[in-house]
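Reading through the structure tokens given below for one structure.
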Amino acid sequence: MNHKRFPTGLLFTFIVFLPIIFAHVAYASDQFVDRISVVGKAPTYLNDLNGIAPITSIDIQSESNLLSVADVFNSTPQVNYNGQGGLLQTLSIRGLSRWRILTMVEGVPIYTERRAGNAAEFIAPSFIGNAYVLSGAASTQLGSGALGGGIDLRLATTLDPTITATYAHQQDYRSLQILAGQELSKSTLYWGANVRKANRGADGFDHAIFNAFEQSSAWIRSVTEEGFVKDALLLVSSSNNIDKASADLPQDRQTLYPNNNHWLAKLTFNWMNAEVYAHSASLDTQILRPGQRINLLQNKALGWGARIGDVFSANEWLINWEFALNARNGVEANEQELSLMENLVFDRTNLEGRQNAWHFSLTSRRDWHNWVLSGGFRWEKMFQYGGLNAEQRVQDTNFSGFIGARKIWKKHWSTGVYLSSGFRVPTLTERFFFGSTPRGITQGEQALLTEDTTNMQSDIEYQSDNIAVNVSLFHQSIDNYIERVSLNDNLAQYKNLKDAVIQGVNYIASWTLSPSVYVKIQGQWLWGEDNSGDAVNDISPNQHEFRLGWQSDLTSLWLNMTYRQKHNKPGTAELQTGDVVYFKVGYEQILSSALTASLNISNLTDKGYPVSTDELAPNALGRNIELNMVYTF
């Protein structure tokens, strides 16, 4: 059993002596400043949609227990865990998940042919300085795939060398990171490196969870306001021995990702906001079915693109245009099957493909009296090529648009309305793949139709010195919904199903009771079904959170309670789940102007519950105690 219980004697000693240690630390609040920032050009959609559309900005520095990128976003009410867990933990935004959410790193779109898991698993969460969530159809801003919105990760930067060391007793998790920077004569150089490792953990029932991994990553960045290139970024990441956390019994099926390698590069120029970028990914998969066979899979792809654009004013409207090419080359999936004696049964190619998409978009915004108005459109032409015997070509032309407005009624009140459309061209896997996956043999369908969606939402907001409240209602319809359908016990195929409708309510409220005490509540009610009244996958259970916090210049304490309601109407690949209440608690202390320590405990009562409603979702980690130290030179 790999599960480790934290030595209670050591924990007791730590808690008892911590106040004594802190009492002897010099008062440092006057000297302490937040040295972590984000550099680079702000996303264009912030200019167009800020205050109108549902964009959530996440301060990563205030989060804890971040093992995967999905953990970063789970602190927002519209985002839930979905699918299977571990490093590859999937997430959903308002009931849409996987290929229906577009992932970006520093504005670079990250695509994957792997259906399971999030697309940015190669990024260490502690690398992230800020993150944005766009909810609802966002194809005009982000392109094909943003049917349910998108997530955008921005790297943390600092000029002061900062070392972060983390240990968590679950999985014997260890992480060491350094961020630093240096001002040169005409530019500023930033860099970071992270090494982390986790063994297998256990759930609240002390049953093993296959969620081990090893990961090393580093990046370097040069920023200047002079010269032809004003921003240059290179990031590399290598992960090894990644367990696929699932409810599969080890005697039935075991999935391991031995190697997962990425590099990402971006250049931004001092001419018409021109930018070029590339992202390379390669993934090895090993599927062991004890007593039957071993399947070895290799996936690789190179994504790249270029774009130009500019912002100008016309009759008090701020107008932004962009013309871009986004391409993927060398998209391959190869498979070898071995007998239990490791004799080769076959060696074949499951997927060969490439695609390129051209687009032109134009968005506008105007502040007029007590109104904020915004609108825009996108035209996109995509070409896809694939086929194992003879190359086939599929082309698709799509349009999307949005319009939004916010009215400020009085000093504290405002209301907004936002209408948008979106599209998702089927992936190369959905069109051209045929072969083994961790869930069995899957085949594509070349004639799949593009998914289209219309999103409508409205919200009301109240802001005062001590109280902030926002309630948002949304309704999203999806045409040509694509799902993987079982043809028999051994074969599944991607097909266009009936149309679907998703609707719900998000809310978030905070109340500052005193200069030191605050309360925050947030949550989501979500409903979804096709036009026959049947449930669709990825509709997360209703979930509500309550946080009580206390903070001073040097100390902060908080208690978080989450209530996830039962799931009575599962989709075809889901299970019914009961309701569950679980807790997290955190304590942070500034020891000096250079040193900060924190103690965080997740799943405080050691509950055993599935991490999501997926039929193969593992249970959540049991009680996990995390110690974190940050030292700035």
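The values are calculated or read from the model by the stated rules, or taken from the named source; none is laboratory data. Keep in mind that what you see is a predicted model, and the values were worked out from it rather than measured. Here the Cβ is made from the backbone with ideal geometry for all residues, glycine too, and neighbour counts use every protein chain on show. Calculation scope for accessible area: heavy atoms of the full protein, side chains included, ligands and nucleic acids excluded. Shrake-Rupley method; radii C 1.70, N 1.55, O 1.52, S 1.80 Å.
Listed values, structure above:
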{"read-out": "Projected-area mean, region 584-633, by convex hull of Cα positions, square nanometres", "value": "4.5"}
{"read-out": "Highest average packing first - 267-273, 422-428, 594-600, Cβ atoms within 10 Å", "value": "422-428, 594-600, 267-273"}
{"read-out": "Cross-link partners of Lys230 among aspartates and glutamates (Cα-Cα below 14 Å; sequence separation of 8 or more within a chain)", "value": "Glu275"}
{"read-out": "For region 417-571, alpha-carbon Rg relative to the globular expectation (2.2 N^0.38 Å, N residues)", "value": "1.42"}
{"read-out": "Extension reserve of the Leu340-Leu557 stretch, reckoned as 0.36 nm per residue once the Cα distance is removed", "value": "72.8 nm"}
{"read-out": "C-alpha center-to-center spacing [region 482-530, region 237-272] in angstrom", "value": "25"}
{"read-out": "Measure of compaction for region 174-244 (Cα Rg per 2.2 N^0.38 Å)", "value": "1.64"}
{"read-out": "Cα centre as origin, Lys/Arg/Asp/Glu Cβ charges: the chain dipole, Debye", "value": "200"}
{"read-out": "Portion, in percent, of the accessible area of the chain that falls on carbon or sulfur, probe 1.4 Å", "value": "57"}
{"read-out": "Unit charges on C-beta of K, R, D, E only; dipole of region 340-482, Debye", "value": "620"}
{"read-out": "Pair Asn270, Phe205: separation of 7 Å Cα→Cβ label points (nm)", "value": "6.3"}
{"read-out": "Distance in nm between pseudo-label sites at Leu302 and Ser486 (7 Å out along the Cβ direction from Cα)", "value": "4.1"}
{"read-out": "Relative contact order %, the chain, counting alpha carbon pairs below 8 Å whose residues are six or more apart", "value": "13"}
{"read-out": "Accessible area per residue in Å² at 1.4 Å probe, computed on region 532-633", "value": "41"}
{"read-out": "For region 349-469, accessible area per residue (1.4 Å probe, heavy atoms of protein chains only), Å²", "value": "47"}
{"read-out": "Alpha-carbon centroid distance for the pair region 403-421 / region 155-225, whole angstrom", "value": "39"}
{"read-out": "Geometric extent, Cα atoms of the chain - Rg, Dmax (angstrom)", "value": "24.3, 76"}
{"read-out": "Cβ-based net charge around Thr613, under 9 Å, with every Lys or Arg adding one and every Asp or Glu removing one", "value": "-4"}
{"read-out": "Where a label projected 7 Å from the Cα of Val417 along Cα→Cβ would reach, residues of region 446-461 with amide N under 16 Å", "value": "455-461"}
{"read-out": "Efficiency of FRET between Asn261 and Ala405 - r from beta-carbon atoms, R0 45 angstrom, step 0.05", "value": "0.50"}
{"read-out": "Under the Debye formula (equal points on every Cα, no solvent term), log10 I(q)/I(0) of region 52-188 at q = 0.14 Å⁻¹", "value": "-0.66"}
{"read-out": "Computed [θ] at 222 nm, helices only, for the chain once each DSSP H run of length n ≥ 4 contributes -39500 (n - 2.57)", "value": "-1500 deg cm²/dmol"}
{"read-out": "Peptide ranges 304-317, 76-89, 497-510 listed from the most packed, as the mean C-beta count within 10 angstrom indicates", "value": "76-89, 497-510, 304-317"}
{"read-out": "Qualifying trypsin sites (Lys or Arg not before Pro) for region 367-423 [loop in DSSP, other Cβ within 10 Å: at most 12]", "value": "Lys410, Lys411"}
{"read-out": "Cross-link partners of Lys411 among aspartates and glutamates (Cα-Cα below 14 Å; sequence separation of 8 or more within a chain)", "value": "Glu461, Asp465"}
{"read-out": "Normalised contact order of region 586-633, rounded percent, pairs of Cα under 8 Å and 6 or more residues apart", "value": "41"}
{"read-out": "Rg to Rh quotient for region 529-579, alpha carbon positions, Kirkwood Rh", "value": "1.29"}
{"read-out": "Computed lengthening from Leu513 to Val501, 0.36 nm per intervening residue step minus Cα-Cα distance", "value": "0.4 nm"}
{"read-out": "Using a Förster distance of 22 Å, the FRET efficiency for Met456-Lys381 (Cβ separation, nearest 0.05)", "value": "0.25"}
{"read-out": "Cα-based convex hull, region 491-633, per residue volume (Å³, whole number)", "value": "162"}
{"read-out": "Subset of Lys197/Lys244; Lys266/Lys495; Lys244/Lys300; Lys520/Lys584; Lys495/Lys566 violating a 24 Å alpha-carbon distance limit", "value": "Lys266/Lys495; Lys495/Lys566"}
{"read-out": "1.4 Å probe accessible area per residue over region 207-326, in Å²", "value": "45"}
{"read-out": "DSSP-loop trypsin sites (Lys or Arg not before Pro) across region 529-602, with at most 15 other Cβ within 10 angstrom", "value": "Lys566"}
{"read-out": "Long-range tail of P(r) for region 220-300 (Cα pairs > 17 Å, %)", "value": "61"}
{"read-out": "Dipole-positive endmost among Ser175, Gly416, Gly95 within the chain (Cβ charges, Cα centre)", "value": "Gly416"}
